[in-house]
Amino acid sequence: MSQLRFHHLLLLRNSRRPPSFPFSSSTKTTPLLSLFGSTPRSGTMAAYSTVAEAPRLLLRQLFEKESSTYTYLLADVGHPDKPAMLVDPVDKTVDRDLTLVKELGLKLIYALNTHVHADHVTGTGLIKGKMPGVKSVISKSSNAKADLLVEHGDNIYFGNLFLEVRATPGHTMGCVTYVTGDGSDQPHPRMAFTGDALLIRGCGRTDFQGGSSHQLYQSVHSQIFSLPKDTLLYPAHDYKGFTVTTVGEEMLYNPRLTKDEETFQSIMENLNLSYPKMMAVAVPANLACGLQDLNAKV
């Protein structure tokens with residue numbers, strides 16, 4: 001069987017679509033996409049070659065204290081190249097994160113953002129300056145610049161593992177949640193990196209950057225709460241010392257999203273929060289995916 005035909009069969013066999021997305025006017029119907037990463041191998045089709053082991057996910061949760069931001073390092077350490085990605089890197093902690101990548105012997109291939117952040121500057125630009133081969137990733141609907149502009153239903157491969165892109169607008173118009181793949185050869189339980197769409201016992205605000213409490217409620221219930229209840233949820237921020245939650249926990253105990261939509265909208269419209277102090281700097285820089293003047297003070 002030719003390599004091209006084998007690749008095509010793998011895409012068809014591994015293609016899994018997320019649940020319907022009722023409030024999107026342009027739900028994608030294209031087959032599974034392999035975006036710059038290695039072609040996946042399905043355990044249902046053939047044994048792994050002698051070159052690559054079964055996929056094993058490495059996960060590190062890293063914290064930036066000024067903005068209370070979590071950055072996530074993921075890697076397929078069963079793959080000979082140990083391809084890795086950073087989700088929501090922060091400019092202030094880039095050196096720390098890249099040192100860890102080097103110490104663990106990983107090959108960083110992606111720097112992903114869940115959305116255009118308003119409370120810190122993404123580390124994507126600095127990472128690309130230090131490691132030119134790394135590709136930046138953000139959603140197309142964010143209207144930001146990046147090497148890869150992803151959409152709902154896309155899959156991003158790193159080695160034999162992948163993240164599924166789910167559009168979860170509402171905090172901003174361009175928010176996405178990255179979810180580990182659904183399959184016998186993918187991590188179990190599944191994991192979702194929710195950005196600010198869903199926080200532990202909370203959610204992101206909806207009063208700027210195209211935010212909508214109606215849209216956020218629909219996003220969380222259709223795209224996150226539809227995942228298995230044991231799915232681990234990793235947010236972009238936490239202000240109370242929590243590190244991880246699950247779908248089942250949030251469906252029971254989230255003080256906002258367990259309410260009906262009308263009550264949720266009332267809660268969100270009466271938060272009366274001040275704007276983030278870094279907003280004037282962070283949003284323009286992050287629309288450029290952190291590719292601001294790297295010598296400038298931010």
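The values are calculated or read from the model by the stated rules, or taken from the named source; none is laboratory data. In this text the structure is predicted, and so the values were computed from the model without any measurement. We place every Cβ from the backbone using ideal geometry, glycine too, and count neighbours over all the protein chains shown.
Observations, loosely collected:
- Restricted to the stretch 126-222, the set of strands (runs of 3 or more DSSP E) holding at least 2 residues that are at pLDDT 95 or above and farther than 19 Å from ALA282 by Cβ comprises 148-150, 155-158, 161-167, 176-180, 191-195.
- A single entry from SER226, SER274, SER212 fulfils the requirement of being over 18 Å from HIS117 (Cα atoms) and among the hydroxyl-bearing types (Ser, Thr, Tyr): SER226.
- Subset of the stretch 223-255 [touching a residue at least 60 places away in the same chain (Cβ under 8 Å) and surrounded by fewer than 19 Cβ atoms within 10 Å (Cβ to Cβ)]: SER226, TYR239, THR243, VAL244
- When the stretch 147-179 is filtered for residues that are in contact with a Leu (Cβ under 9 Å, 6 or more places away or on another chain) and of a type in the set (Gly, Ala, Ser), the ones remaining, listed by number, are GLY153, GLY170.
- Residue check for LEU257: touching a Cys at 6+ places or on another chain (Cβ under 7 Å) and not β-branched (Val, Ile, Thr): yes
- Considering residues of the stretch 138-176 that are in contact (Cβ under 8 Å) with a residue 40 or more places away in the chain and acidic (Asp, Glu) only, the residue nearest to GLY125 (Cα to Cα): GLU151
- Positions within the stretch 175-185 being surrounded by fewer than 23 Cβ atoms within 10 Å (Cβ to Cβ) and touching a Ser or Thr at 6+ places or on another chain (Cβ under 8 Å), in sequence order: GLY183, SER184, ASP185
- Test: residue in the stretch 188-196 that is crowded, with 24+ Cβ neighbours inside 10 Å and charged (D, E, K, R): yes
- When ASP293 is tested against (1) modelled with pLDDT under 95; (2) buried (at least 17 other Cβ atoms within 10 Å of the Cβ); (3) among the acidic types (Asp, Glu), exactly one condition is not met: (2).
- Hits in the stretch 227-267 - residues which are in a loop (DSSP other than H, G, I, E, B), farther than 18 Å from PRO187 by Cβ and not acidic (Asp, Glu): ALA236, TYR239, LYS240, GLY241, PHE242, ASN254, PRO255, ARG256, LEU257, THR258, LYS259
- Of the strands (runs of 3 or more DSSP E) entirely within the stretch 1-110, those holding at least 1 residues that are at pLDDT 50 or above and over 18 Å from MET131 (Cβ atoms) occupy 57-64, 69-76.
- If you go through the stretch 115-161 and keep only what is surrounded by 19 or more Cβ atoms within 10 Å (Cβ to Cβ), acidic (Asp, Glu) and more than 21 Å from SER67 (Cβ to Cβ), you end up with just ASP154.
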